[in-house]
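Here the structure comes first, spelled out in C-alpha cells, and everything after it is commentary.
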Amino acid sequence: MARLIAAKLDYPTSRDDPFVPGGIKAVSLSDAAYVLAVAATTSLAHHSAPKPHAVSEAKQALAELRDRPVWLANGWMPGQTNTWWMPLTGATFDCGIIGWDAQNAFIFWAEEVD
C-alpha cells in the first residue's frame, strides 16, 4: 500500500528501495505526529526539533484516520541520539510520513537540498 501511495507522487526517486525491510518503518501515532511536525516546520539540514504545538497539531490532524490507521516514516524520531534514515527521494535530506486507513490515504514528504 505504501508503495502505491508514494507512486502517486512519482516516488521513490532514491537509488535505494525505501520499502525493503529495515527501510521506511511503521510508527506509532505519536512518532508519526513528530515526523510530520519535523517535515512541515523545521529545517531538515539542521536537525532541529519541532515546537510542541506543531507536534500537537500534527497529532490532531493524523487522528482523522480512524479505521486501524497505519503510518510509515523514514526516521527523525523524538529523543533518538542515533537517528536512522531511509531516503524516499534523491534530495540531500528528506523526511515524511505515508498513512492510510480503510477509507483514506496520504503522503506528506519534504525535501531539502544543502
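Among the residues of region 41-53, how many are surrounded by 13 or more Cβ atoms within 10 Å (Cβ to Cβ) and closer than 16 Å to Trp109 by Cα?
Selection size over region 41-53: 4.
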task: Please enumerate the residues belonging to region 5-26 that are among the aliphatic types (A, V, I, L, M) and touching a residue at least 24 places away in the same chain (Cβ under 8 Å).
output: Ile5, Ala6, Leu9, Ile24, Ala26
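Can you find even one residue in region 48-55 that is in contact with a Cys (Cβ under 6 Å, 6 or more places away or on another chain) and of a type in the set (A, V, I, L, M)?
Among the residues of region 48-55, not one is in contact with a Cys (Cβ under 6 Å, 6 or more places away or on another chain) and of a type in the set (A, V, I, L, M), which makes the answer no.
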query: Ala2 fails exactly one of the following numbered conditions: (1) closer than 18 Å to Asn104 by Cβ; (2) exposed (fewer than 15 other Cβ atoms within 10 Å of the Cβ); (3) in contact with a strand residue (DSSP E or B) (Cβ under 6 Å, 6 or more places away or on another chain). What is the number of that condition?
result: (2)
query: Can you name every residue in region 19-40 that is more than 11 Å from the chain's Cα centre (by Cα) and either crowded, with 21+ Cβ neighbours inside 10 Å or β-branched (Val, Ile, Thr) (or both)?
result: Val20
task: Report, ordered by the first and then the second residue, all pairs with beta carbons closer than 8 Å, sequence separation of six or more or different chains, a first member in region 27-53 that is touching a residue at least 12 places away in the same chain (Cβ under 8 Å) and aromatic (Phe, Trp, Tyr), and a second member that is assigned to a helix (DSSP H, G or I) and surrounded by 19 or more Cβ atoms within 10 Å (Cβ to Cβ).
output: Tyr34/Val55; Tyr34/Ala58
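Those residues that are buried (at least 21 other Cβ atoms within 10 Å of the Cβ) and within 17 Å of Ala63 (Cβ to Cβ), I need them from region 82-114; list them, please.
Here is the first cut: in region 82-114, the residues buried (at least 21 other Cβ atoms within 10 Å of the Cβ) are 87-89, 94-99.
Ile97, Ile98, Gly99, listed by residue number.
Here, each number is a calculation from the coordinates, and none is a lab measurement. Quantities reported herein were computed from a predicted structural model and do not represent experimental measurements. For neighbour counting, all protein chains shown are included, and Cβ atoms are generated from backbone atoms with ideal geometry for every residue, glycine included.
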